[in-house]
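Structure first, then comments.
The values are calculated or read from the model by the stated rules, or taken from the named source; none is laboratory data. Since this is a predicted model, take the numbers as computed values, not measurements. Cβ placement follows ideal geometry from the backbone for every residue including glycine, while neighbour counts extend to all protein chains displayed. The accessibility values were calculated without ligands, DNA or RNA, using every heavy atom of the protein model including side chains. Shrake-Rupley method; radii C 1.70, N 1.55, O 1.52, S 1.80 Å.
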Amino acid sequence: VQTCALPIYFIGLPTAGEEKRWLILQTENSNRRLQADLLNLMRWLDVDEWAAFSERVGIHTVEGPDDGFVSLDSPHNLALIEATIQECQPDVIAIDPLNEFAIGDLNKDADMRATLSTLTQLCRRGNPKRAIVVLHHALTGRAGAAKAIGYDRASFGRNSKNLHAWARGQINLAPANPDDNRQLVVSCGKTSNGREFQPLDRKSTRLNSSHS
């Protein structure tokens, strides 16, 4: 996210961010986890970059027992999410993870379509150019990880394949070694408006003070 809010390199890859405003709607990370990640990010960025990131990125935090319930089949949840979007006016909304926002059973095509249709309408109300980034779980186990690359890379995500049809682009992340998840495979599952990039191996390490 920070490389989109700030046009800088990340894990050796160039980014083409246009300094957009982000809203991250997430339910899986506690405040303690977010604090640790943000402290590492703050150490990695310089003072001006951190100030710009802080101004451009908003994160939904789980403060109380009801904050983790964001299913889109609830009118109450829809109203709260819409109010947050209207207040922040983001250029990009990240949904993490999709299954927490689900309407019904995401294994069913009709329910996946209902979830994605509702999500699209909700996020783009008032700004049809607003981008939506969805984080979604992949299939587990050796067979699931193997689908990150090769002929099955489009089937890497779990549940209904309507998600793949809805998305304009898909990036797959999988461990390169079944016994060590510090090395990740980054591959292209889909790109509708560009050329696929070749799979990459990248080591997952703590952010440091250098951008290189």
Review point. What order do 61, 140 take when sorted by accessible area (1.4 Å probe), most exposed first?
Key: 140, 61
Exercise for review: Residues in region 16-45, backbone N under 18 Å from the label point at residue 9 (7 Å along the Cα-to-beta-carbon vector): list them, ranges by number please.
Suggested key: 16-17, 44-45
Exercise for review: Could you order 111, 66 by accessible surface area, starting with the largest, using a probe radius of 1.4 Å?
Suggested key: 66, 111
Exercise for review: Could you please state how large a percent of the accessible area of region 133-196 is carbon and sulfur, counting protein chains only and using a 1.4 Å probe?
Suggested key: 52 percent
**Study point:** the chain, relative contact order [Cα under 8 Å, separation at least 6], %
**Key:** 19 percent
Revision key, fill the gap. Ranked by GNM mean-square fluctuation in the chain (Cα springs under 10 Å), the top entry among 69, 156, 101 is 69
Check your understanding: Quick one: length gained pulling residue 74 to residue 33 fully straight, 0.36 nm per residue minus the C-alpha distance?
Key -> 12.0 nm
Review point. For residue 60, what accessible area in Å² do you get when you roll a 1.4 Å probe over the heavy atoms of the protein chains, rounding to the nearest 10?
Key: 50 Å²
**Study point:** region 106-188, dipole about Cα centre (Lys/Arg Cβ +1, Asp/Glu Cβ -1), debye to the nearest 20
**Key:** 420 debye
Exercise for review: Hey, can you find the accessible area per residue of the chain for me, probe 1.4 Å, expressed in square angstrom?
Suggested key: 60 Å²
Check your understanding: Looking at this model, which pairs from 20/190; 108/161; 161/190 are more than 21 angstrom apart at the alpha-carbon?
Key -> 20/190
